[in-house]
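What follows is one structure encoded as structure tokens, with my remarks underneath.
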Amino acid sequence: MLSTSGKFAFAVLLLSLPAIVLAQQIAIGQYVVPTANAGLEGITAGPDGALWFTESANQIGRITTAGVITEYPIPTADSQPEAITAGPDGALWFTERNGNKIGRITTAGAITEYSVPTANAGPEGITAGRDDALWFTESYANQIGQITTAGAVTEYPLTASRYAPGPITAGPDGALWFARGAGIARITTSGSTAEYSLDSFPAALAVGTDGALWFPYQVDSCGIGRVTTAGVVTGYSVPGCAIGSRAPGITAGAGGAMWFTEDGPPQIGRITAAGVVTQYFMPVPGFSFPSPALPGGPNGITVGPDGELWFPLTVTFASGLPAVYSIGEAFFVTADLTVSPDAGFYRKELTFTGSGFAPNERVQIYASGVGSAVLATATTDSSGSFTVLAREPQAPFGPRVYVGVGRSSRKLGAASLTVTPNVILDPDSGPVGSTVTAAGYGFPPFYPVKIYWSEPPTLVGTATADVNGTFEGSAALTFTVPTGASPGANRVQGAWDCGGSPPSCPNSGYGSFTVE
């Protein structure tokens, strides 16, 4: 409730744990970003039918709904891009916190940068306003900025506060709403501001189909808040949300629901207008000891042009190994698809079984996202079922999702498979001293892989996996069969993050060589 002082208390209505129901079945796929240590930040849907995102590696990324990623370097070094949004001019606009600039990138990848007048302003959030301009927050200068599509910047100082303005979005009332510490603020397109205190810290803002603003928050617990433009606030607890974890993304979905992200553990959640919450755990690579996956999690979320949910995802590891950065996609599942076996390595034969599709329709199973290379094609029987064989394609270590789509019904099924690593040797037999080339598949992307000969245990070299977890061709390792190698079959081991020495390296893939 809005008070006469212009502030409202977030605790007006804090509901106890809402019911958890199975609202929709979803499956989560992941696309590894080609740049190692990319550092993913914001994401938005572009006018070209693709998704656009920012990388702290000083790049803007673009991903098609088929999973094809292109990256564009930002001219200003160490610019630290943050938020990104679609502009009214058909381009994408983004903030550069360190560069102190607002960037504009066309769908063809051409970048223009505009300096913010206040030095060291720290541009952070950005959104398109109803006045056909872009509005952004200045986290270091305590100001709100407006930039026209021609690059003219106007700045509006805020009242003194120890809290900086952060995420910003265009409200349903034509004003701009932004998070500011333990509160939410509003600025009109003419520059008039009002601030409302909360007993929480909003981490993101989005307008729902109900005309209210929704935000993930954290105070003494984690939850989702809703505020009308009249200042009526409702709060909903999120079950299992750990104190101190962040839920940094929220977006409006179909059917009046809001979707949000959590990072402890990594999940995406759905909340209806009535406050009913459903949570979906996000599969991440679970390396064996000593490198279990830590709750890094998603950062931001948006609805793509295909109607699916898209979000940046970071997976970190306890032993200090490089983080893995990918773009996640949540598919809405409307048919059944399974794969057998549910774990395997490159080239392994897979059996896909589907049901719930339309009778006598063609179903395409994709190697990556919908529209990527077709892994297999089947025709359903009169009951809408099928079985088809395929070979496992190249993919990095860990969980992945194959999707099958009916050509006429557009029903979608998703099958989960865990990719395991293996080493292929060429040749796979020969005498001591002969030359062998080791290629590897299904390893973590960008990781160095040590190749060991088993008997006696000997390190023969190191190869580095690419974005697909592969080292082959010019990246493969060539070595000679060690002196003293035992006659007969010998195991060759590709290990990463080995806490000891072979054979006690749980994070490994294997090949075999026969010494003649």
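Filtering the range 424-442 to residues that are closer than 30 Å to A27 by Cβ and of a type in the set (V, I, T) leaves only I424.
Of note, R97 does not satisfy the criterion of being touching a strand residue (DSSP E or B) at 6+ places or on another chain (Cβ under 6 Å), closer than 21 Å to G328 by Cα and open to solvent by 30 Å² or more (accessible area, probe 1.4 Å).
Among the candidates G256, G307, the residue that is touching a helix residue (DSSP H, G or I) at 6+ places or on another chain (Cβ under 8 Å) and either at pLDDT 90 or above or not hydrophobic (A, V, I, L, M, F, W, C) (or both) is uniquely G307. Across the range 267-289, the number of residues qualifying as open to solvent by 30 Å² or more (accessible area, probe 1.4 Å), at pLDDT below 80 and either assigned to a strand (DSSP E or B) or more than 18 Å from G29 (Cβ to Cβ) (or both) comes to 2. When the residues of the range 112-132 are filtered to those that are in contact with a Lys or Arg (Cβ under 7 Å, 6 or more places away or on another chain) and part of a strand (DSSP E or B), the one that is surrounded by the most Cβ atoms within 10 Å (Cβ to Cβ) is P123.
Just to be sure I understand, how many residues within the range 443-478 are at positive phi and not aromatic (F, W, Y)? Show your work before the answer.
To start, the set of residues in the range 443-478 that are at positive phi comprises 446, 461, 469, 473.
Applying the additional criterion that residues be not aromatic (F, W, Y) yields 461, 469, 473.
Selection size over the range 443-478: 3.
Residues in the range 490-516 that are open to solvent by 10 Å² or more (accessible area, probe 1.4 Å) and part of a loop (DSSP other than H, G, I, E, B): D497, C498, G499, G500, S501, P502, P503, S504, P506, E516.
In contact with a strand residue (DSSP E or B) (Cβ under 7 Å, 6 or more places away or on another chain) and either within 28 Å of G371 (Cβ to Cβ) or at pLDDT below 95 (or both): does that describe G433? Taking the combined requirement at face value, the residue does not satisfy it. Within the range 461-478, the set of residues being in contact (Cβ under 8 Å) with a residue 24 or more places away in the chain and surrounded by 15 or more Cβ atoms within 10 Å (Cβ to Cβ) comprises A463, A465, V467, N468, G469, T470, F471, E472, A476, L477. Selection of the range 185-218 for residues being modelled with pLDDT of 90 or more, over 23 Å from the mean Cα position of the chain (by Cα) and buried (at least 20 other Cβ atoms within 10 Å of the Cβ) yields A185, I187, A212, L213.
When you check V339 against the structure, is it in a strand (DSSP E or B) and open to solvent by 10 Å² or more (accessible area, probe 1.4 Å), yes or no? Outline the logic, then answer.
Values: in a strand (DSSP E or B): yes; open to solvent by 10 Å² or more (accessible area, probe 1.4 Å): yes.
Yes; evaluated as a whole, the condition is true for this residue.
Residue count for the range 219-231 satisfying the condition of being under 15 Å from S200 (Cα atoms), open to solvent by 20 Å² or more (accessible area, probe 1.4 Å) and at pLDDT 75 or above: 1.
Of all residues in the range 155-190, those that are part of a loop (DSSP other than H, G, I, E, B) and either over 20 Å from G122 (Cβ atoms) or among the hydrophobic types (A, V, I, L, M, F, W, C) (or both) total 12. Restricting the range 47-90 to residues that are of a type in the set (V, I, T) and within 16 Å of E113 (Cα to Cα), the residue that is surrounded by the fewest Cβ atoms within 10 Å (Cβ to Cβ) is T76.
Looking only at strands (runs of 3 or more DSSP E) that fall completely inside the range 407-489, which ones have 3 or more residues that are not β-branched (V, I, T)? Can you show your working first?
Working: elements: 412-419, 422-426, 435-441, 448-453, 458-464, 477-480.
Because the criterion is at least 3 residues that are not β-branched (V, I, T), the strands (runs of 3 or more DSSP E) in the range 407-489 that meet it are 412-419, 422-426, 435-441, 448-453, 458-464.
Let's see how each residue does on (1) open to solvent by 10 Å² or more (accessible area, probe 1.4 Å); (2) free of Cβ contacts under 8 Å to residues at least 24 places away in the same chain; (3) in contact with a Lys or Arg (Cβ under 6 Å, 6 or more places away or on another chain); (4) under 13 Å from A475 (Cβ atoms):
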| position | (1), (2), (3), (4) |
| --- | --- |
| S409 | yes, no, no, no |
| A414 | yes, no, no, no |
| D426 | yes, yes, no, no |
| P431 | yes, no, no, no |
| T435 | yes, no, no, no |
| F446 | yes, no, no, yes |
| K450 | yes, no, no, no |
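Evaluating R391 against the criteria (1) open to solvent by less than 30 Å² (accessible area, probe 1.4 Å); (2) of a type in the set (D, E, K, R); (3) more than 22 Å from V324 (Cβ to Cβ) leaves one unmet condition, (1).
Among the residues of the range 9-34, those that are crowded, with 19+ Cβ neighbours inside 10 Å and either more than 25 Å from I271 (Cα to Cα) or modelled with pLDDT of 95 or more (or both) comprise Y31, V32, V33. Scanning the range 353-386 for residues that are open to solvent by 30 Å² or more (accessible area, probe 1.4 Å), under 24 Å from V33 (Cβ atoms), in contact (Cβ under 8 Å) with a residue 24 or more places away in the chain and in a loop (DSSP other than H, G, I, E, B) gives S368, V370, G371.
Put simply, of T251, T261 the only residue that is at pLDDT below 90 and open to solvent by less than 50 Å² (accessible area, probe 1.4 Å) is T261. Within the range 53-71, not a single residue is modelled with pLDDT of 95 or more, in a strand (DSSP E or B) and more than 21 Å from E329 (Cα to Cα).
Answer yes or no as to whether Y346 is open to solvent by less than 60 Å² (accessible area, probe 1.4 Å), at pLDDT 95 or above and either among the hydroxyl-bearing types (S, T, Y) or outside any loop (DSSP other than H, G, I, E, B) (or both).
Details: open to solvent by less than 60 Å² (accessible area, probe 1.4 Å): yes; at pLDDT 95 or above: yes; either among the hydroxyl-bearing types (S, T, Y) or outside any loop (DSSP other than H, G, I, E, B) (or both): yes.
So Y346 fits the description; yes.
The values are calculated or read from the model by the stated rules, or taken from the named source; none is laboratory data. Predicted, not measured: the structure shown is a model, and the values here were computed from it. All Cβ positions, even for glycine, are placed from backbone atoms using ideal geometry, and neighbour counts span all protein chains on display. Side chains included, ligands, DNA and RNA excluded: accessible areas come from the protein's heavy atoms. Shrake-Rupley method; radii C 1.70, N 1.55, O 1.52, S 1.80 Å.
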